[in-house]
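Asks: Have a look at this one.
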């Protein structure tokens, strides 16, 4: 039996006024990014990678499997990221041509602290966002840890398990070389991608994301079912199933 995790849009924010509308693409309901011209929405594809979908019709425009999750978008680039398959505490950022869906740049590995992981797992958190910056891309990341045992911890154990680190980096689109950027990320640095949340309304369009927890089956991978919906003028235009998220319940 599947349990409904969410019935209403997640990460809801007040609609942006026209004068305040972001110029570099707007994240929506914590899962996708809409192009600046409201022509397309970029989403994590059910088949893997990311895809561009026509906002008015729901028709797929292109797909790219070089990155798994959205980090940001501009009028020319779609920025995605992927964890390192060999090292849980590293990831790379991929720049995709917004018109063609072809990869135009990939960063070297961005290293995280030894205890961190990009995987969605109980006891660890991770988020990242990216934005185009001249001939490069600025990447913000934040990793956290908290007590993940089953028994109730003492205050001392809970405090010892809690960690939080963040950083800024820049990668060159031509070479992929990653160099540290000055300063520490602010919440506004994550606003360019779904990691920062996102609005549920842009122009005449409204967005909704529902996520269902799967029923437990011994030995089977626990993957949520994610559905993205688009409406205009109160009428649903289309719905699309996206890539599910790994899910593991907290220890009893």
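The values are calculated or read from the model by the stated rules, or taken from the named source; none is laboratory data. Note that this is a predicted model, so its numbers are computed, not measured. For neighbour counting, all protein chains shown are included, and Cβ atoms are generated from backbone atoms with ideal geometry for every residue, glycine included.
Asks: So which of 95, 60 is touching a strand residue (DSSP E or B) at 6+ places or on another chain (Cβ under 6 Å) and crowded, with 23+ Cβ neighbours inside 10 Å?
Replies: On the way: 60 fails: crowded, with 23+ Cβ neighbours inside 10 Å.
Criteria check complete, one pass: 95.
Asks: I've got another one for you. Can you pull out every residue in the range 45-55 that is under 27 Å from residue 166 (Cα atoms) and either crowded, with 21+ Cβ neighbours inside 10 Å or over 15 Å from the mean Cα position of the chain (by Cα) (or both)?
Replies: Hit for the range 45-55 is 50, nothing else.
Asks: Is it true that some residue in the range 191-211 is without any contact (Cβ under 8 Å) to a residue 12 or more places away in the chain and over 17 Å from residue 59 (Cα atoms)?
Replies: Initially, the range 191-211 is screened for residues without any contact (Cβ under 8 Å) to a residue 12 or more places away in the chain, giving none.
Within the range 191-211 (the criterion being without any contact (Cβ under 8 Å) to a residue 12 or more places away in the chain and over 17 Å from residue 59 (Cα atoms)), the answer is no, since none of the residues qualifies.
Asks: Considering the range 104-131 alone, what residues qualify as being surrounded by fewer than 19 Cβ atoms within 10 Å (Cβ to Cβ) and part of a loop (DSSP other than H, G, I, E, B)?
Replies: 108, 109, 113, 114, 115, 119, 120, 121, 122, 123, listed by residue number.
Asks: Of the residues 246, 252, 155, only one is more than 17 Å from residue 33 (Cβ to Cβ), out of contact with any strand residue (DSSP E or B) (no Cβ under 7 Å at 6 or more places or on another chain) and at pLDDT below 90; which? Give the steps one after another, and end with the answer.
Replies: Details: 246 fails: out of contact with any strand residue (DSSP E or B) (no Cβ under 7 Å at 6 or more places or on another chain); 155 fails: at pLDDT below 90.
Being more than 17 Å from residue 33 (Cβ to Cβ), out of contact with any strand residue (DSSP E or B) (no Cβ under 7 Å at 6 or more places or on another chain) and at pLDDT below 90 holds for just one of 246, 252, 155, which is 252.
Asks: Still on this model: Take residues that are under 26 Å from residue 103 (Cβ atoms) and tell me which of the strands (runs of 3 or more DSSP E) falling wholly in the range 160-229 contain 3 or more. Outline the logic, then answer.
Replies: On the way: elements: 163-172, 178-180, 205-213.
So the answer is 163-172, 178-180.
Asks: Here's a follow-up. Quick test for you: out of 58, 67, 101, pick the one residue that is within 15 Å of the chain's Cα centre (by Cα), under 21 Å from residue 26 (Cα atoms) and part of a loop (DSSP other than H, G, I, E, B).
Replies: 67
Asks: Within the range 158-180, track down each residue that is touching a strand residue (DSSP E or B) at 6+ places or on another chain (Cβ under 8 Å) and farther than 20 Å from residue 72 by Cα.
Replies: Residues satisfying the conditions are 161, 162, 163, 164, 165.
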